[in-house]
Amino acid sequence: MSAPVLPVVVDGVTHHYGSKLALDKMSWSAPEGAITCVLGPNGAGKTTIMEMAEGLRRPESGAVRVLDTDPWGANAAHRRRVGVMLQDGGLPGSVKPLRLLQHIARLYDATDQFPALVEELGIEEFGHTAVRRLSGGQRQRVALAAALIGRPEVVFLDEPSAGLDPHARLDVWDLVRRTRDRGCCVVVTTHSFDEADRLADRVIIVAAGSVAAEGSVAEVSGADGLEDSYFSLTRAAKKSEPRK
Amino acid sequence: MSTPALRARSQAGFEIRTLLSNGEQLLVSLLLPALALVGLAVGNTPDLGAGRRIDIVVPSVLALAVVSTAFTGQAISTGFDRRYGVLRLLGVTPLGRSGLLAGKALAVVVIVALQTVVLGILGACFGWHPDPLGVVVGLLLMLLGTWTWVALALLISGVLRAEAVLAVANLLWVLFAGVGGLLLPTDKFPGAAGAILRLLPSGSLGDGLRDAMTGHFSSLAEPVVVLFVWGAAATALTAATFRWDDR
């Protein structure tokens, strides 16, 4: 009997922006029913590889598979199974959150999720205010709801708790954990050790376009703790550039 | 909502409500063309040529309204959707990029239809009597013009930053309205200028609608060809250059 296919597989992906090497034979995977945190400094390639997994960018070489499908040009049935929270939110400024979320729920054929998510994320209180008038934290909550509204099998969350106050952050983490507990493969990018430490089942540290370490939080942290391990790994990668 | 057509229709409804609840968009799409219609209908200048004045004013204003919605409105909304990542987000939902484009196109056609009804009724209040067959031909020409101007809108909104799109789209709207042949027949401009304007999508749409709705069908070939060539060129260029994000 063959081993089950992991929901997200990144296999030897290399990509350039002009002459700058953004991803250098990057490989990692994310299992179902687990939260995988991709941790790395700015410019390490986190957003680039997330965009490839979301179907927004095509890798130069190597392969990305999501639910055993190439996400680039994948059909609507595939997109129906995948949730995405973009780093820049992707929310139209002039639209009110409740109307936007209702529309996205209809696109996913998942209007039954809508009331519970609105309540869990406290969106009702600003649901009739145009997105452009919301605080950064309120927008984050709307973007997270948009990613989860279709009950996806895989969800990509790009810095889901950035800009949130401590209480809202705990609420978001609880929601992400519940999403994991129903079997979803959750992939989170973050700069925050605290977030990775508290949330992750698996951590992938990326630096200079490659994976510097991966494993459980305990495995990656070692004896020095996650923060010290992160700095030693990412500084070592930075010193080993030039990146051509 | 399991079919691509239903998702595109839902997106069109979403876009229409968003556009109609946007005050600036209503100003450009409806209020300014309506003011132009009233101003030209009650005034005696500028000279619009032979024939009943109102029968020339209404198609001219309809041409302006097409450019307002299909070009200026669509360029600005797409430019800012691109800036805020809306195109990318909706592109990864089941709607997809093709559904998003289909929804936007349908929304523009519906809004142009609504404008046409409102401006047509307003024109009728001032005594507009279009040629009956000319109305049908004019509506077909408006569809062609809508395609051409949406393609031009996507061409600039797919490469320029949102602020630049805002400035360029508004500036061009003023120029096309004033001296582009939308409101004034191109034969009212000096020889060479008029000839150039007839080769622009503004002059061809304005002249074409005026000719069609006054029953002068024999001169429609040139505007149709000009609009088609601009539309095809803009569509091909947009397909080659459009970027879904502005980073």
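The values are calculated or read from the model by the stated rules, or taken from the named source; none is laboratory data. Everything numeric here is computed off the predicted structure, so don't read it as measured data. Here the Cβ positions follow ideal geometry from the backbone for every residue, glycine too, while neighbour counts run over all protein chains shown.
Pairing residues of segment A:163-187 that are of a type in the set (Phe, Trp, Tyr) with residues that are surrounded by 18 or more Cβ atoms within 10 Å (Cβ to Cβ), at Cβ distances under 8 Å and at least 6 apart in sequence or on separate chains, gives A:173/A:161; A:173/A:195; A:173/A:199. Looking across segment A:162-217, the residues that are more than 17 Å from residue A:117 (Cα to Cα) and in a helix (DSSP H, G or I) come down to A:166, A:193, A:194, A:195, A:196, A:197, A:198, A:199, A:217. If the condition is being within 10 Å of chain A (Cβ to nearest Cβ) and crowded, with 17+ Cβ neighbours inside 10 Å, then segment B:9-54 contributes B:10, B:11, B:14, B:15, B:18, B:19, B:22, B:25. Per the listing A:180, A:106, A:133, the residue uniquely among the basic types (Lys, Arg) and under 25 Å from residue A:230 (Cα atoms) is A:180. Screening segment A:60-120 for helices (runs of 4 or more DSSP H) wholly inside it with 1 or more residues that are at pLDDT 90 or above, at the interface with chain B (Cβ under 7 Å from one of its Cβ atoms) and closer than 22 Å to residue A:185 by Cβ returns the ranges A:76-79, A:97-107. Consider residue A:34 carefully, then state whether it is modelled with pLDDT of 95 or more, within 11 Å of chain B (Cβ to nearest Cβ) and closer than 15 Å to residue A:155 by Cα. Spelling it out, it is not the case that residue A:34 is modelled with pLDDT of 95 or more, within 11 Å of chain B (Cβ to nearest Cβ) and closer than 15 Å to residue A:155 by Cα.
Would you confirm, using the coordinates I've provided, whether residue B:174 is without any contact (Cβ under 8 Å) to a residue 60 or more places away in the chain, over 29 Å from residue B:79 (Cβ atoms) and either away from chain A (no Cβ under 14 Å) or outside any loop (DSSP other than H, G, I, E, B) (or both)? So residue B:174 does not fit the description; no.
Looking only at segment A:218-244, how many residues end up being in a helix (DSSP H, G or I), at pLDDT 80 or above and surrounded by fewer than 12 Cβ atoms within 10 Å (Cβ to Cβ)?
The qualifying residues number 1.
Please verify whether segment A:147-161 includes one or more residues that are among the aliphatic types (A, V, I, L, M), more than 23 Å from residue A:48 (Cα to Cα) and without any contact (Cβ under 8 Å) to a residue 12 or more places away in the chain. No; the residues of segment A:147-161 include none that is among the aliphatic types (A, V, I, L, M), more than 23 Å from residue A:48 (Cα to Cα) and without any contact (Cβ under 8 Å) to a residue 12 or more places away in the chain. Kindly indicate the residue of segment B:81-133 that is under 25 Å from residue B:215 (Cα atoms) and free of Cβ contacts under 8 Å to residues at least 40 places away in the same chain and also farthest from the other protein chains (Cβ to nearest Cβ) among those meeting that condition. Of everything passing the filter in segment B:81-133, B:132 is farthest from the other protein chains (Cβ to nearest Cβ).
In a residue-by-residue description of segment A:72-82, the property of being over 27 Å from residue A:173 (Cα atoms), in contact (Cβ under 8 Å) with a residue 60 or more places away in the chain and out of contact with any helix residue (DSSP H, G or I) (no Cβ under 8 Å at 6 or more places or on another chain) applies to no position. The set of residues in segment A:76-130 being of a type in the set (Val, Ile, Thr) and farther than 19 Å from residue A:180 by Cα consists of A:95, A:104, A:111, A:123, A:129.
Residues of segment A:1-43 that are assigned to a loop (DSSP other than H, G, I, E, B) and crowded, with 20+ Cβ neighbours inside 10 Å: A:7, A:40.
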